[in-house]
Amino acid sequence: MQRIVAPSMLSADFGHLDRDTRMVDCSAAEWIHIDVMDGIFVPNISFGFPVLKAIRKASAKSLDVHLMIVEPERYVERFVEAGADIVTFHYEAAHDIAGCIGLIRKAGARVGISIKPATPVNVLRDILPLVDMVLIMSVEPGFGGQGFIPEALQKIADLRAIVRKQGLETLIEVDGGISVRNAGEIYAAGADILVAGSSVFGAADPQREILHLLHA
């Protein structure tokens, strides 16, 4: 399994977004995580296409775009055009999952699918061969700074077992309440990618914090 840290720009200083993006670009993080919220699927509103384009200009890292929006099929191609390397949409939000996957692939990006804390991993059994990554939410999506939901560890382990049984190389990403205090057990449960927002951007030395997360 890999170890990748994807700092979440939702916790960056929006008044100095270019500065914070360039800081991550110079760090050991391989991905930059960008949360897109529409105020409908989740009770918050965040980034859109112009901000994604600005982040793309400021970084050569892989841009990991997490769509927390209804009807993601309508917008996935535009997010790829704006600079997304990976586009993740929610199982609970898409009317046509296979169609949404096809649109992302056609646009030239890697495909991720995400599930909320209450959604069991078993719903993804038949979808796993079609995607590159699964994002397990370890908090309720919509806001940064929440505490990690302990039950997510079992979901990660269960998903890893399904991935292995199917002989796939599907990446497992985890988002929500992640810090150096729990990163080790999250990796041990089967995660490849950790999304970290508050713990990185709230640290005195964010780049050092990223290294600590990688080696937890």
Subset tally (residues that are over 16 Å from ALA118 (Cα atoms), part of a loop (DSSP other than H, G, I, E, B) and over 18 Å from the mean Cα position of the chain (by Cα)) for segment 151-192
4
Per the list (1) surrounded by 15 or more Cβ atoms within 10 Å (Cβ to Cβ); (2) within 19 Å of ASP132 (Cα to Cα), residue check on ALA98 breaks on (1)
Restricting attention to segment 171-186, and to residues there that are open to solvent by 10 Å² or more (accessible area, probe 1.4 Å) and in contact (Cβ under 8 Å) with a residue 60 or more places away in the chain, which single residue is farthest from LEU213 (Cα to Cα)?
LEU171
Scan PHE79, PHE49 and give me the residue that is over 17 Å from ALA196 (Cα atoms), among the aromatic types (Phe, Trp, Tyr) and crowded, with 18+ Cβ neighbours inside 10 Å.
PHE79
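Residues are listed down the side, and each one gets a yes or a no for (1) modelled with pLDDT under 95; (2) surrounded by 15 or more Cβ atoms within 10 Å (Cβ to Cβ); (3) among the hydrophobic types (A, V, I, L, M, F, W, C); (4) within 27 Å of LEU168 (Cβ to Cβ):
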| position | (1), (2), (3), (4) |
| --- | --- |
| PHE14 | yes, no, yes, no |
| LEU17 | no, yes, yes, no |
| TRP31 | no, yes, yes, yes |
| PRO43 | yes, no, no, no |
Residue that is closer than 18 Å to PHE41 by Cβ and part of a loop (DSSP other than H, G, I, E, B), where the choices are PHE89, PHE143, PHE79, PHE148:
PHE143
Give me the residue from segment 190-205 that is open to solvent by 30 Å² or more (accessible area, probe 1.4 Å) and not hydrophobic (A, V, I, L, M, F, W, C) and, out of that set, nearest to VAL134 (Cα to Cα).
SER198
How many residues of segment 1-52 are touching a Pro at 6+ places or on another chain (Cβ under 7 Å) and over 23 Å from ARG110 (Cβ atoms)? The answer is 1
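Filter segment 138-169 down to the residues that are of a type in the set (Gly, Ala, Ser) and in contact with a Leu (Cβ under 8 Å, 6 or more places away or on another chain) and list them by number.
We begin by selecting, within segment 138-169, every residue of a type in the set (Gly, Ala, Ser); these are 138, 142, 144-145, 147, 152, 157, 161, 167.
Answer for segment 138-169, where residues must be of a type in the set (Gly, Ala, Ser) and in contact with a Leu (Cβ under 8 Å, 6 or more places away or on another chain): just GLY144.
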Could you tell me which residue of segment 119-139 is surrounded by the fewest Cβ atoms within 10 Å (Cβ to Cβ), considering only residues that are touching an Asp or Glu at 6+ places or on another chain (Cβ under 9 Å) and in a loop (DSSP other than H, G, I, E, B)?
PRO120
Would you confirm whether or not segment 60-70 contains a residue that is at pLDDT 95 or above, open to solvent by 60 Å² or more (accessible area, probe 1.4 Å) and under 23 Å from ASP192 (Cβ atoms)?
yes
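The values are calculated or read from the model by the stated rules, or taken from the named source; none is laboratory data. Just so we're clear, the structure is a prediction, and the values are computed from it rather than from any experiment. Please note: Cβ atoms are built from the backbone with ideal geometry, for glycine as well, and neighbour counts cover all protein chains shown. Heads up: the accessible areas ignore ligands, DNA and RNA and are worked out on the full protein's heavy atoms, side chains in. Shrake-Rupley method; radii C 1.70, N 1.55, O 1.52, S 1.80 Å.
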